[in-house]
Amino acid sequence: MRTSIATVSLSGSLTEKLTAASRAGFDGVEIFENDLLASPLAPEEIRARCADLGLRIDLYQPMRDMEAVPADVFASNLRRARHKFELMGRLGADTVLVCSSVHPLAVDDDALAAGQLHELAVLAQEFGIRVAYEALAWGRHVSTYEHAWNIVETADHPALGTCLDSFHILSRGSDPKGIEDIPGEKIFFLQLADAPLLAMDVLQWSRHYRCFPGQGGFDVADLVRRVLHTGYEGPLSLEVFNDVYRQAEAGPTAVDAHRSLLLLQETVGVTTPPAPVVPTGVAFAELLTPDAEPVAALLGALGFTRTARHRSKPVDLWQQGEARVLVNTGPAGRRDGTSLAAIGLESPDPVGAALRAEALLAPVLPRRRAAADAPLDAVAAPDGTELFFCATDRAGLPDWRGDFEDVPHESGPGGVHSIDHLALAQPWHQFDEAALFHRSVLGLHAQESVDVADPYGLMRSRAVTNTDGSVRIALSVGAAPSDDTVHAQHIALATDDVVTAARRFREAGGRVLPIPANYYDDLAARFEFAEGELETYRALGILYDRDAYGEFRHCYTRTVGRVFFELVQRDGGYRGYGAQNAPVRLAAQHTVTGG
Ligand code: MG
Ligand code: MG
């Protein structure tokens, strides 16, 4: 199907918005009046620019407070409409959006509304224009799609149809079933937006919190299926008012937006991109660092052993059980200091996983490798983290470790058996995008998002996992742009005995993040512990949590660059990540860094 996006959904000048929409693969745009008014380009120039970019102008919007008004008001409305129709002729736009009236003089009179919309349609037809009438969820007298359709039906003019907007329909809790009763050729336009489920004023909700389909809590796919059932042949168009997108860079937002429509089309069954290949484990985490020394010291204290070195790159492989950490001292990356730059995901079909990612607009990374290296398929996540699809020790698939040459080593006592989870701090404007990316591209499940207070504000966190929990990625984001650098990334290491692992770490010279005594006093009040147990936790900086499934004990190392490690012991199927303890951890890190 054709895809379109309202210019109001993107940041920047009109030209920048159009360029971003075109590059992301959209077929058309809705030109928002304010974007046109603020543009130095003449309507003919905008038309030419769109043509050059391969964009059709699918809609001009909005025309407000048109119907059910006193005669004198309507006369001036028609005059205004004539001007706009002339403008649309210059733009080459043939459909205009008319929102249900919020005019203070508008009356609750469907016959009057239908009559005036009929007159408007007569005028529009002279200009070769179609009028799409939409019920605003907060319209003065018309606020549901059924009501708007009734008026359109009564008005009965070929140049008048209805515009359906998923936000207005689903935010009011209307049953979308009735959509199937509208003839497809009378649905002139379909606007799509999702939104988180919030209990708030619908106007504010719409203006600030709309998001792309799949990122919120509405069943947008169900609505689209019903619309397609009518025979609707227009575009799927995104109209998203969102405070964050208005500030984020237009290019990445447009890609994110287009990905959401590709997924929606897959969900409703009109396209079949390559199926997701769900990762089955974490092959490695790769740290990029300008100075390997502090990282090596930390890994050594945690019980890791340097087991191999890459044949052609300055990359060391550190290993303990099935936990593998690559330390890359190659050309400094995009970030200063030490960062978690890449993740190797065990994939049953690395090539298929890359094809899926590519089909969903994830940038496929060039394979920078020597001729002898195993082919590693990699894509970039929205935050720039490189995701490698790889196979470890599996017959028939190239093993990435073949690129590494063993170095003489003696394995330590160990205690860590695998990587429990990876925590990635997202740029503040990419949180929703990141969750949708990991869900759609990798086929992971997204858990509920949680808010955690920290010394800098509110941090949001959301985990994405595979079914058996062998891949767990915790995505987090701070409340403000400046938080990007504040929130560290971490690698959580799974152990069966966190007390022993923490002791060993300390004996090896490692420093555990100190946790305040108040925390342990509170733990004593909340839970009953065996004799001496809490004292042990207090001495080792171990935190504790419990859910309906089991228990969680964990402690943190000091931070190197942007990265720290966590030792975690999950018992009895505990599903969380110790979110309850995150504020204490964040405050403790704030204290340690002297902030
Ligand atoms: Mg709308
Ligand atoms: Mg963690």
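The values are calculated or read from the model by the stated rules, or taken from the named source; none is laboratory data. Source: prediction; values computed, not measured. Here Cβ is always computed from backbone atoms with ideal geometry, including for glycine, and neighbour counts include all displayed protein chains.
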Quick test of your reading of the structure: SER482 fulfils all but one of (1) more than 16 Å from ligand 2 (Cβ to nearest atom); (2) modelled with pLDDT of 95 or more; (3) among the polar types (S, T, N, Q). Name the failing condition by number. (2)
Output for Cβ contacts, cut-off 6 Å, separation at least six or different chains, first residue under 13 Å from MET66 (Cβ atoms) in segment 140-167, second in a helix (DSSP H, G or I) and within 13 Å of ligand 1 (Cβ to nearest atom), reads VAL142/ALA148
Odd one out for VAL512, checked against (1) within 16 Å of ligand 2 (Cβ to nearest atom); (2) touching a Ser or Thr at 6+ places or on another chain (Cβ under 8 Å); (3) over 24 Å from GLU322 (Cβ atoms): (3)
If the Cβ limit is 9 Å and pairs must be 6+ apart or interchain, which residue in segment 182-197 that is more than 18 Å from CYS99 (Cβ to Cβ) pairs with which residue that is within 16 Å of ligand 2 (Cβ to nearest atom) and of a type in the set (Gly, Ala, Ser)? PRO196/SER449
From the residues in segment 558-594 that are at pLDDT 95 or above and in contact with a helix residue (DSSP H, G or I) (Cβ under 6 Å, 6 or more places away or on another chain), which one is nearest to ARG460 (Cα to Cα)? LEU567
What number of residues within segment 198-215 satisfy the criterion of being touching a residue at least 24 places away in the same chain (Cβ under 8 Å) and surrounded by 14 or more Cβ atoms within 10 Å (Cβ to Cβ)? 11
Unique residue being closer than 30 Å to ASN328 by Cβ and assigned to a loop (DSSP other than H, G, I, E, B) when the list is TYR577, TYR549, TYR556: TYR577
Quick one: is THR559 away from ligand 1 (no atom under 16 Å from the Cβ), over 27 Å from ARG472 (Cα atoms) and surrounded by 14 or more Cβ atoms within 10 Å (Cβ to Cβ)? no
Does ALA106 satisfy the criteria of being in contact (Cβ under 8 Å) with a residue 60 or more places away in the chain and more than 16 Å from ligand 2 (Cβ to nearest atom)? no
Hey, LEU543 hits all of (1) of a type in the set (A, V, I, L, M); (2) touching a Gly at 6+ places or on another chain (Cβ under 8 Å); (3) more than 13 Å from ligand 2 (Cβ to nearest atom) but one; which does it fall short on? (3)
Quick one: which helices (runs of 4 or more DSSP H) lie wholly within segment 29-109 and hold at least 1 residues that are more than 16 Å from ligand 1 (Cβ to nearest atom) and over 23 Å from LEU238 (Cβ atoms)? 43-52, 71-91
Qualifying residue in segment 138-159 (condition: surrounded by fewer than 23 Cβ atoms within 10 Å (Cβ to Cβ), of a type outside the set (S, T, N, Q) and within 13 Å of ligand 1 (Cβ to nearest atom)): yes
For segment 183-291, list the helices (runs of 4 or more DSSP H) that sit wholly inside it and hold at least 1 residues that are modelled with pLDDT under 95 and closer than 30 Å to ALA353 by Cα; which are they? 243-247, 250-267
